[in-house]
1. Scan region 344-361 for residues that are assigned to a strand (DSSP E or B) and buried (at least 19 other Cβ atoms within 10 Å of the Cβ) and jot them down.
2. Restricting the search to region 383-403, which residues are farther than 28 Å from residue 482 by Cα and of a type in the set (A, V, I, L, M, F, W, C)?
3. Does region 426-433 contain any residue that is part of a loop (DSSP other than H, G, I, E, B), at positive phi and among the hydroxyl-bearing types (Ser, Thr, Tyr)?
Amino acid sequence: MDGTVPSAPLDKTKVLDVKPLRSLRPVLPSSPQAPPFVCAPPFGPFPPGFSPFYPFSTPEFTPDNNQNNNTQTPPTSFATPIRSFRSPDVNFVDGSNGDLGSSDGFLDGKKRRTSSYKQKRPKNAQDSDFSVGISSFERDDGNRQVVNNVLMRFDALRRRISQIEDAKETSTGLIRRADLKASNILMSKGVRTNMRKRLGVVPGVEIGDIFFFRMEMCLIGLHSQSMAGIDYMITRSDLDEEPVAVSIISSGGYDDDAEDSDILIYSGQGGNANRKGEQAADQKLERGNLALERSLRRASEVRVIRGMKDAINQSSKVYVYDGLYTVQESWTEKGKSGCNIFKYKLVRIPGQPGAFALWKLIQRWKDGMSGRVGLILPDLSSGAEAIPIALINDVDDEKGPAYFTYLTTVKYSKSFRLTQPSFGCNCYSACGPGNPNCSCVQKNGGDFPYTANGVLVSRKPLIYECGPSCPCNRDCKNRVSQTGLKVRLDVFKTKDRGWGLRSLDPIRAGTFICEYAGEVVDKFKARQDGEGTC
């Protein structure tokens, strides 16, 4: 990958205010008088009334080989990952603002080591560098901005810890859980919100928000239990106090029935499940089970989070907040192991935006494209990509471009030569994050730019990957952008903004999506083909 950085100080007034992408639909202006999209060459000429923006407003950057690249300051970026499958059409949640969260590989009680993620902090997490920026009021009651802030800081810290752990030459024998370590640091520093437990809506969290780590939900107050599936609070009355459920996570740990989008048959907790996930004893009416029973009697609202396997990383799970449910019925029955388990029927409150229902619809699209409404082409790339890219139009009768050539790499209209020869690394098998002698690692400032699962650690103006001159194999972890598509994409027709691109898979921050490829033309040819086109 390549990138540029301005040689002069950055004028922040010219930086686009990029908003997070949190919907399968494009985030577009709601006003019909909104200005149309401007199609112009990157460096001009520009139509009247249109001002170029960074990075096109700054001169092209040429790296100076005599300077130390590590001293360059990368441009600030505010882009965040796509983390929502919510529908933007219905506003069920009240006026509160808010959001997002996990690998489900939490260890059972016999294997868990609480000291494994508390004893050490990453090298760069110094007290003097840690600005909380969250008031005591925002810790109790958050909003959308605070929730996003907490989650982005968690993910950045988690990736940095993963990078440090990957670079260790020998295993220390500790449990390597960067998400637990990152959340412990943030909680100890007060970087969290919605600490006050509550029934119903959580300020700053919206229906359809996606989570990759259970600890994210703990940090934002959606579900405060890092392992247990039932979260509850103690309510006090004049005569007594009793537990009431506030949220549950249905992630397949028990015999849950999650096929219906609006009805969930949820299994209780307990029974000392063995290593195979089977019940070893009858469940008892206590703790979370008792809380769900009291919620049934009170007819109180319970937040439901649905956990599904991650299509990109099969060893992990993705969690979708599906909104508010009420417990309508409870009973006991024999489980697969022969022990008694509690069962609870939860029904979704009507009028809420779709979340789990939309997820299941997308899975049907991916399983069988032939029955999809508005399908023009099942694979726009005609097999050039390992994952098909569908062409969809459920708005009008337009069938897309009459003729086009799909390119997977950049095509140059003129031949060129590199001004300087390219030298590769000397790693003959694969580049490793703990190898200080790897020239590619040295070019990246001494740190491997990606985590072990191919996630970019931090935003940089320039990242060095292994190229044709490197003898390492194609499975080298430093060839992330050369492995092609990993997510399912759609080219689709919007109602009033032409054609757009969307993802059918949730995208983790730092994930490589696709290469921006096409034909590279000079200004003269661009004017011949049509000035102002793109």
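Every number here is computed from the coordinates shown, using simple stated rules; none is lab data. This structure is a prediction, so every number in the text was calculated from the model and none was measured. When we count neighbours, we look across all protein chains shown, and the Cβ atoms used for this are built from the backbone with ideal geometry, even at glycine.
1. First pass over region 344-361, keeping only residues assigned to a strand (DSSP E or B): 344-348.
Passing the criteria: 344, 346, 348.
2. So the first thing to find is which residues in region 383-403 are farther than 28 Å from residue 482 by Cα, and the list is 393-400, 402.
Hits for region 383-403 are 395, 402.
3. The initial filter retains those residues of region 426-433 that are part of a loop (DSSP other than H, G, I, E, B), namely 426-433.
Then drop every residue that is not at positive phi, which leaves none.
There is no residue in region 426-433 that is part of a loop (DSSP other than H, G, I, E, B), at positive phi and among the hydroxyl-bearing types (Ser, Thr, Tyr).
Conditions tested, residue by residue: (1) touching a Lys or Arg at 6+ places or on another chain (Cβ under 9 Å); (2) among the small types (Gly, Ala, Ser); (3) surrounded by fewer than 18 Cβ atoms within 10 Å (Cβ to Cβ).
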| position | (1), (2), (3) |
| --- | --- |
| 465 | yes, no, no |
| 494 | yes, no, yes |
| 500 | yes, yes, yes |
| 510 | yes, yes, no |
| 517 | yes, yes, yes |
| 523 | no, no, yes |
